Amino acid sequence: MAGIATTCYYLTLSSTSTRKTWLELKTNYGRATPIRRRNLSIRAEVNFVNAEEAKKLIAVEGYAVLDVRDKSQFDRAHIKSCYHVPLFIENTDNDPGTIVKRTLHNNFSGLFFGLPFTKLNPEFVQSVKSQFSPESKLLLVCQEGLRSTAAANKLEQAGFQNIACITSGLQAVKPGTFDSVGKAELQDAGKAGLVTIQGKISAVLGTVLICAYLFITLFPDQAEKLLQMSPVR
């Protein structure tokens, strides 16, 4: 007479943060036959904090500061003892399409707002991995909060589990919050070009346009949807 079959469930968690489940059918003869297997990915959530909370993460919890801004903004001002791995690097490609784009950029964003003509850094994730383990606690900073968010998403996908970002970036940091290095204050490191000599109105307008430019660059799909929602006149 055949033995009575029993069903057992097993759950394991691997070191790569992937949860694996499988179903086994056992008989009284001690044999096990797997009949189904499924993998579920578990992703850590990025922690968004204000400047004071970020300061506590560094002092109390041992977070390392990773600055992902371009070199020009980093050189103007950065948090003391931080690491620098830019999400964007200067684009020096000389194909015809890039030359046209660089010329247009330099006559608008470059001239008025001091923004360098850049492209995504293809070695960003690998550069971070060469300096930090996936278990490292990282506080990502940029000037306005967009690049650090994009960088956090890339590192999260690469397996990093303890990531925090400053909401609205360094532009929202009050003077004296962090020890800094450079000629400018941290909140002013994004100001360059003609906006620095055209008064407060130009500075505010420049900040808005810079954020809009970065939003369109980093999130083109969302930007297109917003444009489609605008009324047609």
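Read-outs throughout are calculated quantities, based only on the coordinates presented, and are distinct from any laboratory measurement. Owing to the predicted nature of the structure, the values given are computational and were not obtained by experimental measurement. Every residue, glycine among them, receives a Cβ derived from its backbone with ideal geometry; neighbour counts consider all protein chains shown.
How many times 2.2 N^0.38 Å is the alpha carbon radius of gyration of the range 47-229? Mind showing how you got there, number by number?
On the way: Rg = 16.5 Å, N = 183, 2.2 N^0.38 = 15.9 Å.
Dividing the Cα radius of gyration by 2.2 N^0.38 Å gives 1.04.
Considering only the other residues whose Cβ falls under 14 Å of the Cβ of N50, what net charge follows from Lys and Arg at +1 and Asp and Glu at -1?
+1
Pairs K55/K119; K80/K174; K101/K183: which exceed 20 Å Cα-Cα? Walk me through the numbers before you get to the answer.
On the way: K55/K119 30 Å; K80/K174 15 Å; K101/K183 31 Å.
The answer is K55/K119; K101/K183.
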